[in-house]
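Written out below as structure tokens is the structure these notes cover.
The values are calculated or read from the model by the stated rules, or taken from the named source; none is laboratory data. The structure presented is a predicted model; accordingly, all values stated were derived computationally and were not measured. With ideal geometry, Cβ positions are generated from the backbone for all residues, glycine too; neighbour counts draw on all protein chains shown.
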Amino acid sequence: MTVEKSIDKQLPSTRTTELDSICLKAEVIPVLAVQRIEDAVPLARALFEGGLTVLEITLRTDCALEAIRRINEALPHASIGVGTVLTPAQYRQAEEVNADFVVTPGTTEALYRYGVTSPVPMLPGVATVSELMTGWQYGYRRFKFFPAEASGGIKALKAFAGPIPEARFCPTGGIGINNAEDYLALKNVMCVGGSWLTPKSLIDAEDWDAIRSLAREAAERFHH
Ligand code: 3PG
């Protein structure tokens, strides 16, 4: 048996189904970087109440893991992705805080291998066909396309659909209220991600009503 086949066999096909059911719940996944732990729950609650029920919380800040724990407890019906996972050690931390899924900005062989054995599904970040092909070999079928705008945007996604039409993406990076719709119109896009729903100025001002409105605008405009 080839290496590729034995790797493919390790990945349960339900993994794609799990990611699809998470991504189907929201066309838009807000990306959160929680700087102050006391902001975690009100911020996540504002997004959730605005209609965005799938959140990516990045491991970019010191209080990220504690923020994820608190958000998970306060919003048991939200789907929590742990983002900016760079290493298998961080992947394990995401498992420990009961992440629903893991998101990576890019990929390494180590992450691809770890993700195959983890009970928590991964949305690996890719920007090129080669990275996509490597993930494909491991059995991955759903990807984050990052950084979307800087890596060719819509044109690149259309081009990916030529050789690998079955792959589906969550483009992130440079996406906002004005271009999200164009991405969502593509056949191989299941949802989009972005930090435009969590502006630092509104978080610093603790303006949760404004964030709830931003979320509502996105949820209503991009509803399936
Ligand atoms: C991410 O990690 O996905 C990005 O920071 C989000 O990109 P954006 O800030 O351009 O939306």
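Table for the structure above
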read-out	value
Any hit, the stretch 203-222, residues being of a type in the set (Phe, Trp, Tyr), in contact with a Cys (Cβ under 9 Å, 6 or more places away or on another chain) and under 22 Å from Thr58 (Cβ atoms)	yes
Only one of Thr104, Thr117, Thr128 that is at pLDDT below 95, of a type in the set (S, T, N, Q) and touching a helix residue (DSSP H, G or I) at 6+ places or on another chain (Cβ under 9 Å)	Thr117
Residue list for the stretch 150-175, filter: more than 16 Å from the ligand (Cβ to nearest atom), of a type in the set (A, V, I, L, M, F, W, C) and surrounded by fewer than 19 Cβ atoms within 10 Å (Cβ to Cβ)	Ala159, Ala161, Ile164
Filter result (under 15 Å from Phe146 (Cα atoms) and touching a helix residue (DSSP H, G or I) at 6+ places or on another chain (Cβ under 7 Å)) within the stretch 178-224	Tyr183, Asn188, Val189, Met190, Cys191, Val192
Near pairs, Cβ below 7 angstrom, 6+ apart or cross-chain, from the stretch 195-224 (in contact (Cβ under 8 Å) with a residue 40 or more places away in the chain and closer than 25 Å to Pro105 by Cα) to any residue that is in a helix (DSSP H, G or I) and not aliphatic (A, V, I, L, M)	Ile203/Asp39; Phe222/Glu181
All positions within the stretch 104-149 that are among the acidic types (Asp, Glu) and either within 16 Å of the ligand (Cβ to nearest atom) or on the phi > 0 side of the Ramachandran plot (or both)	Glu131, Glu149
